[in-house]
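The values are calculated or read from the model by the stated rules, or taken from the named source; none is laboratory data. Keep in mind that what you see is a predicted model, and the values were worked out from it rather than measured. Quick reminder, even Gly has a Cβ in these numbers, built from the backbone with ideal geometry, and neighbours come from all protein chains shown.
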Amino acid sequence: MDKGGHPIALSGLSKFLQTGEICWPDGKQPFVLTFDDGYLSQRNNAFPFLLDWSIPAAFCVMPGWTGDGTSHRYVSDSNVREFSEAGMEVISHTVNHANLVNLRLRNPGAWAAEIVESKTRLQDITGKDVIFFSYPFGAYDSPTRNLVAENYSGALSTRSGYDHTSSDMFVLRRVRKS
Ligand SMILES: [Zn+2]
């Protein structure tokens, strides 16, 4: 029998990892769809499809790169609000797509701001809590993981693997599809 996949929200995965509560149909293989870096093409191509099929997804965006809608490459603040209002998850991907491991050594103040201010700026845009984080370039070390853990409920790495049950909530693995 073909088990088939079933898309779930990242919050559903997080709840499962913390409580064991299952939010997908019996016998299906759950997966979380994530979109990186806030490209406008994701808004114009993927988002309408997701809406039509009621597929939950998570958009990882940098509030330093979103703006007034004049960019032809990145989503605007109002696109981010649109994702959120449609029930999609908005995930912090730092303010400026910073490499947090390098930045912490060079400028600890800027490093902390990338983690903390990206959350508050996205919350100002969406009017909702932003509880997940995604490390740009998959770069993290233990101080970075710890500051993220103080400010968020979970974080995505780019380490690949399906084995979520044994993983750290702040280093959730992903399967890269490109
Ligand atoms: Zn990225």
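Just a few scattered comments:
Residues are listed down the side, and each one gets a yes or a no for (1) in contact with a strand residue (DSSP E or B) (Cβ under 7 Å, 6 or more places away or on another chain); (2) within 16 Å of the ligand (Cβ to nearest atom); (3) modelled with pLDDT under 95:
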| residue | (1), (2), (3) |
| --- | --- |
| A112 | no, no, no |
| K128 | no, no, no |
| F133 | yes, yes, no |
| A139 | no, yes, yes |
| P143 | no, no, no |
| A155 | yes, yes, yes |
| D168 | no, no, yes |
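- Among the residues of the stretch 7-29, at least one is within 18 Å of V130 (Cβ to Cβ), in contact with a Cys (Cβ under 7 Å, 6 or more places away or on another chain) and of a type in the set (G, A, S).
- Number of residues in the stretch 65-110 that are under 16 Å from G38 (Cβ atoms) and basic (K, R): the value is 2.
- D77 vs. criteria out of contact with any strand residue (DSSP E or B) (no Cβ under 6 Å at 6 or more places or on another chain), within 16 Å of S118 (Cα to Cα), acidic (D, E) and surrounded by fewer than 22 Cβ atoms within 10 Å (Cβ to Cβ): yes
- Exclusive hit being farther than 19 Å from V148 by Cβ, touching a Leu at 6+ places or on another chain (Cβ under 9 Å) and modelled with pLDDT of 90 or more, set A58, A86: A86
- Looking at G27, G38, just one residue is small (G, A, S) and under 16 Å from the mean Cα position of the chain (by Cα), and that residue is G38.
- Test: residue in the stretch 98-110 that is within 20 Å of L10 (Cα to Cα) and in contact with a helix residue (DSSP H, G or I) (Cβ under 6 Å, 6 or more places away or on another chain): no
- Residues that are without any contact (Cβ under 8 Å) to a residue 60 or more places away in the chain and at positive phi were ranked within the stretch 36-66; the one that is surrounded by the most Cβ atoms within 10 Å (Cβ to Cβ) is G38.
- Boolean, V75 is touching a residue at least 60 places away in the same chain (Cβ under 8 Å) and not acidic (D, E): no
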